[in-house]
Amino acid sequence: KFSVVIAGGGSTFTPGIVRMLLENLDRFPLRTLKLYDNDEERQGILGEALAILMKEQAPEIDFSYTTDPEEAFTDVDFCMAHIRVGKYAMREQDEKIPLNHGVIGQETCGPGGIAYGLRSIGGMIELIDYMEKYSPECWMLNYSNPAAIVAEACRVLRPDSKVLNICDMPVGTLRRMSQIVGKTPDELEVRYFGLNHFGWWTSIKDKEGHEYLDQIREYVAENGYLTTVEVETQHTDPSWQQTHKKAKDLLAVNPRYLPNTYLKYYLYPDDEVSHSDCSYTRANEVMNGREKEVFDAARTITEKGTAAGDEFHIDSHASFIVDLARAIAFNTHERMLMIVENNGAIANFPDDAMVEVPCIVGNDGPEPLAQGKIPDFEKTLMYQQVMVEKMVVEAYVEGSYQKLWQALTLSKTIPSAGVAKNLLDDLIEANKDFWPEL
Ligand code: G6P
Ligand code: MN
């Protein structure tokens with residue numbers, strides 16, 4: 001049985017993940033589950049409610065929550081990390097400051113992602129160091145954003161640490177694809193190349209080898225990735241409707257493969273900005289939606305003294321984290337998309353780039369599967385973007401204003417060096433409590 005700590009215990013995703021872990025105990029048995037956060041208040045509200053739920057549903061598991069790193073990281077096998085340095089207040093800034101300059105406002109793409117990245121690096125490194133100090137054998141399963149920059153920072157600053165970087169986006173898209181062709185996700189195997197939130201599916205086959213790429217492409221050209229199953233059940237937020245509409249345009253400009261929908265921020269930035277409302281962004285949707293719902297649910301559980309009413313939703317698609325933990329723990333050789341150092345997986349792309357590709361995961365970690373050579377259009381876009389990510393990490397390490405300005409200037413989301421500089425100066429001001437001195 002395993003001991004797990006969830007870093008980011010005060011996150012609105014935590015209850016869903018705890019419930020998902022409880023659903024998967026037969027596959028991934030737990031002896032200890034701990035929450036860790038540096039925000040005592042947020043974590044306290046969720047922790048109190050989750051303690052009630054755990055006592056009712058899994059009294060045999062030792063559950064606790066703490067803001068003390070030693071307590072959190074002592075005797076743990078896995079750390080599931082989803083931290084948000086600066087929380088939603090800063091996400092709102094990440095989205096609104098760029099929009100005020102007529103530039104994409106998004107938490108992981110463009111200037112917002114860069115700002116968030118510079119906030120997150122220090123927090124991630126701190127977690128890794130706690131983990132290695134108190135539980136040297138522990139693995140970190142990291143899905144903290146912005147995953148691309150965070151992964152590059154881990155590669156540069158903690159190259160030998162047991163950190164696995166993964167994103168749920170490909171998992172979610174595979175689920176949609178499987179609905180489109182009437183299969184289950186585990187009946188399909190994909191080939192994919194790219195960076196995090198920046199890539200293309202090149203093949204979707206069932207176990208008999210039948211290729212579904214054309215069929216899915218036709219569907220997406222017509223409907224985006226919005227499946228008929230989903231229309232009624234999920235993602236009614238306006239920002240998601242827009243994402244599905246845009247998938248069609250992405251396919252039109254580059255019909256060869258199936259695009260990751262985040263590419264809309266790079267290929268249609270002007271369009272995205274014109275559809276954005278700089279007084280009400282995704283951060284506002286989440287603060288008024290998920291944040292309220294989850295914290296209200298926690299308070300209800302605590303007031304009633306029981307979790308019997310099922311107030312916390314289960315985040316079943318988060319079960320990819322269990323698949324990943326199982327792959328390490330039981331050497332399952334599960335095939336998953338991971339963010340890893342390229343080292344030839346994409347033949348005509350730099351070895352030291354952090355790329356997203358299918359990997360076979362066993363108890364030594366991920367082994368990337370060779371995706372061969374990629375075409376010029378995709379390669380050029382990827383190279384420009386990966387250099388942004390690398391230069392952001394370099395700027396962090398060197399404390400270099402100049403490099404950060406260049407990184408912003410290189411981003412396809414920003415029209416000029418002048419706009420980049422104005423933006424940078426605003427971002428520095430907004431992030432002065434979080435960023436290193438530049
Ligand atoms: C997807 C991405 C995550 C991102 C999330 C944002 O799942 O893979 O990287 O954090 O979307 O979701 P939100 O509901 O917070 O906008
Ligand atoms: Mn992601």
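Go through segment 98-152 and give me each residue that's among the aromatic types (F, W, Y) and either within 12 Å of ligand 1 (Cβ to nearest atom) or at pLDDT below 95 (or both).
Answer for segment 98-152, where residues must be among the aromatic types (F, W, Y) and either within 12 Å of ligand 1 (Cβ to nearest atom) or at pLDDT below 95 (or both): Y116, Y143.
Report, by residue number, each residue of segment 303-352 that is within 23 Å of the chain's Cα centre (by Cα), within 18 Å of L25 (Cβ to Cβ) and hydrophobic (A, V, I, L, M, F, W, C).
Passing the criteria: F312, I314, A318, F320, I321, V322, L324, A325, A327, I328, A329.
Of all residues in segment 7-48, how many are open to solvent by less than 30 Å² (accessible area, probe 1.4 Å) and assigned to a strand (DSSP E or B)?
7
Any idea which of (1) closer than 24 Å to L337 by Cβ; (2) within 15 Å of ligand 1 (Cβ to nearest atom) is the one V156 doesn't satisfy?
The single condition V156 does not satisfy is (2).
Of all residues in segment 362-384, which are among the acidic types (D, E) and either open to solvent by 40 Å² or more (accessible area, probe 1.4 Å) or on the phi > 0 side of the Ramachandran plot (or both)?
Matches in segment 362-384: D364, E367, D376.
Which members of segment 180-233 meet the condition of being on the phi > 0 side of the Ramachandran plot, free of Cβ contacts under 8 Å to residues at least 60 places away in the same chain and within 16 Å of ligand 1 (Cβ to nearest atom)?
G224
How many residues are open to solvent by 20 Å² or more (accessible area, probe 1.4 Å) and within 14 Å of ligand 2 (Cβ to nearest atom) when one looks only at segment 79-105?
So the count comes out to 2.
Looking at segment 298-322 only, could you name the residues that are assigned to a helix (DSSP H, G or I), away from ligand 1 (no atom under 16 Å from the Cβ) and open to solvent by 10 Å² or more (accessible area, probe 1.4 Å)?
R299, T300, T302, E303, K304
Return the pairs, sorted by first residue and then second, in which the second residue is among the charged types (D, E, K, R) and buried (at least 16 other Cβ atoms within 10 Å of the Cβ), the first residue lies in segment 17-29 and is touching a residue at least 24 places away in the same chain (Cβ under 8 Å), the beta carbons are less than 8 Å apart, and the residues are 6+ apart or on different chains.
Hits for this filter: I17/D315; R19/D315; M20/D315; R27/R326; F28/R326.
Among residues belonging to segment 258-297 that are of a type in the set (F, W, Y) and more than 30 Å from A49 (Cα to Cα), point out the one that is least open to solvent (accessible area, probe 1.4 Å).
Per the stated criteria, the residue is Y266.
Of the residues V397, V388, V392, which single one is touching a residue at least 12 places away in the same chain (Cβ under 8 Å), touching a Ser or Thr at 6+ places or on another chain (Cβ under 6 Å) and more than 24 Å from W139 (Cβ to Cβ)?
Testing whether each residue is touching a residue at least 12 places away in the same chain (Cβ under 8 Å), touching a Ser or Thr at 6+ places or on another chain (Cβ under 6 Å) and more than 24 Å from W139 (Cβ to Cβ) leaves just V388.
Could you tell me which of the residues T184, T108 is more than 16 Å from ligand 2 (Cβ to nearest atom) and hydroxyl-bearing (S, T, Y)?
One residue alone meets the criteria, T184.
Say whether the condition of being at pLDDT below 95 and either polar (S, T, N, Q) or over 23 Å from the mean Cα position of the chain (by Cα) (or both) is met by at least one residue in segment 166-177.
yes
Okay, residues lined up against (1) without any contact (Cβ under 8 Å) to a residue 60 or more places away in the chain; (2) within 16 Å of ligand 2 (Cβ to nearest atom); (3) within 13 Å of the chain's Cα centre (by Cα):
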{"position": "Y116", "(1), (2), (3)": "yes, yes, yes"}
{"position": "L127", "(1), (2), (3)": "no, no, no"}
{"position": "L141", "(1), (2), (3)": "no, yes, yes"}
{"position": "P146", "(1), (2), (3)": "yes, yes, yes"}
{"position": "V150", "(1), (2), (3)": "yes, yes, yes"}
{"position": "C154", "(1), (2), (3)": "yes, yes, no"}
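Name, by its number, the condition in (1) surrounded by fewer than 20 Cβ atoms within 10 Å (Cβ to Cβ); (2) closer than 21 Å to I104 by Cα that does not hold for S400.
Among (1) surrounded by fewer than 20 Cβ atoms within 10 Å (Cβ to Cβ); (2) closer than 21 Å to I104 by Cα, S400 violates only (2).
Would you mind telling me which numbered condition in (1) in contact (Cβ under 8 Å) with a residue 60 or more places away in the chain; (2) in a helix (DSSP H, G or I); (3) among the hydroxyl-bearing types (S, T, Y) S120 fails?
Failing condition for S120: (1).
crowded, with 18+ Cβ neighbours inside 10 Å, in contact with a Gly (Cβ under 6 Å, 6 or more places away or on another chain) and not acidic (D, E) - does that describe any residue in segment 248-257?
no
For N223, work out the one condition from (1) loosely packed, with under 14 Cβ neighbours inside 10 Å; (2) over 23 Å from the mean Cα position of the chain (by Cα) it doesn't fulfil.
(1)
Condition first: more than 17 Å from S3 (Cα to Cα) and assigned to a helix (DSSP H, G or I). Can you find one or more residues in segment 68-84 that meet it?
The answer is no, given that none of the residues of segment 68-84 is more than 17 Å from S3 (Cα to Cα) and assigned to a helix (DSSP H, G or I).
For (1) assigned to a helix (DSSP H, G or I); (2) within 16 Å of ligand 1 (Cβ to nearest atom), each residue gets a yes or a no:
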| position | (1), (2) |
| --- | --- |
| L250 | yes, no |
| P255 | no, no |
| D270 | yes, no |
| D277 | no, yes |
| A283 | yes, yes |
| M287 | yes, yes |
| R290 | yes, yes |
| D296 | yes, no |
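The values are calculated or read from the model by the stated rules, or taken from the named source; none is laboratory data. Predicted, not measured: the structure shown is a model, and the values here were computed from it. FYI the Cβ positions are ideal-geometry reconstructions off the backbone, even for glycines, and counts take in every protein chain you see. SASA here: full protein model, heavy atoms, side chains in, ligands and nucleic acids out. Shrake-Rupley method; radii C 1.70, N 1.55, O 1.52, S 1.80 Å.
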